[in-house]
1. At 7 Å along Cα-to-Cβ for each site, give me the label-to-label distance between residue 71 and residue 24 in nm.
2. Given just the C-alpha atoms of the stretch 22-113, how large is their convex hull per residue in cubic angstrom?
């Protein structure tokens, strides 16, 4: 019995020492618009202050892949406006992934580029 107690006690201590899980960063796409004939899209985003955000377009070319659209940093109020120019009009699926420290969050939007 003594040997069993020696192994159980360290396991309990190890579980108690685990850090709390990180909370996700809030990412809200306030609007996603396109102006007729412009082949551009504008996304207005609200996230954590100074969060770093990456944008990707989901493209279906012989299987789904993602094309990077760039990285931006939100302002101290968490506001971010993104303007994208596309080679071809049509429906676009854009995903934003934002991080603040070790926390992450994401949101997606569909916009028809004209």
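Readers should treat all values here as calculations from the given coordinates under stated rules, not as data from a laboratory. Since we're looking at a predicted model, the values are computed, not measured. Virtual Cβ from ideal backbone geometry, glycine too; neighbours counted across all protein chains shown.
1. Here the modelled spin labels are 2.2 nm apart.
2. Numbers: hull volume 8.3 nm³, N = 92.
Once divided by residue count, the hull of the stretch 22-113 is 90 Å³.
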